[in-house]
Amino acid sequence: MANDLQKLTLFYDGACPLCQAEILFLNGRNQAGLLDFIDINSDRYDPTRVGVSCEQALAAMYGQYADGSLIQGAAVFPEAYRRANLPFLAWLFSRKIVQPPLRLGYQFFAKNRHAISRVLGPGALRLVKARGK
């Protein structure tokens, strides 16, 4: 199945501890090399090449397939989990019934991620780093 999947680059906010924890978790499961990660706050992020401004990338999760096509929002999660060999999460997050609450939840999170991360981020980062050892 992994052979059928294009590489997917995820654009994330490296200043957000919860975002960092998710990326570290996915990176640890990236044995097939089907995921790449770019911090939108880094020099690696080129909004003109991607076609998504930094402000847009901070407002919604974006991913870009190897062929250059973009996906955004709740659609990114099942695609990332599929590539990270997490079939149950990929299946769950791709269900049509889950998509509306996931979209709303992510919109809330995106707007409030730094406040949420101040509370939950340090613990999530410690957990992911401890599991990676």
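In the set (1) within 23 Å of Gln31 (Cα to Cα); (2) open to solvent by less than 40 Å² (accessible area, probe 1.4 Å), Ala60 fails one condition alone, (1). Just one of the numbered conditions (1) within 25 Å of Lys7 (Cβ to Cβ); (2) small (Gly, Ala, Ser); (3) assigned to a helix (DSSP H, G or I) is not true of Ala124: (1).
In a residue-by-residue description of the stretch 7-14, the property of being open to solvent by less than 50 Å² (accessible area, probe 1.4 Å), closer than 18 Å to Lys129 by Cα and either of a type in the set (Gly, Ala, Ser) or more than 10 Å from the chain's Cα centre (by Cα) (or both) applies to at least one position. Restricting attention to the stretch 92-133, the residues that are touching a Gly at 6+ places or on another chain (Cβ under 8 Å), surrounded by 15 or more Cβ atoms within 10 Å (Cβ to Cβ) and not hydrophobic (A, V, I, L, M, F, W, C) add up to 1. Evaluation of Ser69 against the conditions (1) modelled with pLDDT of 95 or more; (2) under 18 Å from Asn30 (Cβ atoms) shows that the sole unmet condition is (2). When Ala80, Ala66 are checked against the criterion of being touching a strand residue (DSSP E or B) at 6+ places or on another chain (Cβ under 9 Å), in contact (Cβ under 8 Å) with a residue 24 or more places away in the chain and open to solvent by 40 Å² or more (accessible area, probe 1.4 Å), Ala66 stands alone in meeting it. Filtered by the rule that a residue be over 27 Å from Gly33 (Cα atoms), at pLDDT 90 or above and charged (D, E, K, R), the stretch 82-133 gives a lone residue, Lys96. The set of residues in the stretch 21-54 being open to solvent by less than 40 Å² (accessible area, probe 1.4 Å) and outside any loop (DSSP other than H, G, I, E, B) consists of Ala21, Ile23, Leu26, Leu35, Phe37, Ile38, Asp39, Val50.
Looking at Leu89, is it over 15 Å from Leu58 (Cα atoms), within 15 Å of the chain's Cα centre (by Cα) and either surrounded by fewer than 17 Cβ atoms within 10 Å (Cβ to Cβ) or among the hydrophobic types (A, V, I, L, M, F, W, C) (or both)? The answer is yes for Leu89.
The values are calculated or read from the model by the stated rules, or taken from the named source; none is laboratory data. All values reported here derive from a predicted model rather than from experimental measurement. Note that we place each Cβ from the backbone using ideal geometry, even for glycine, and neighbour counts take in every protein chain shown. Calculation scope for accessible area: heavy atoms of the full protein, side chains included, ligands and nucleic acids excluded. Shrake-Rupley method; radii C 1.70, N 1.55, O 1.52, S 1.80 Å.
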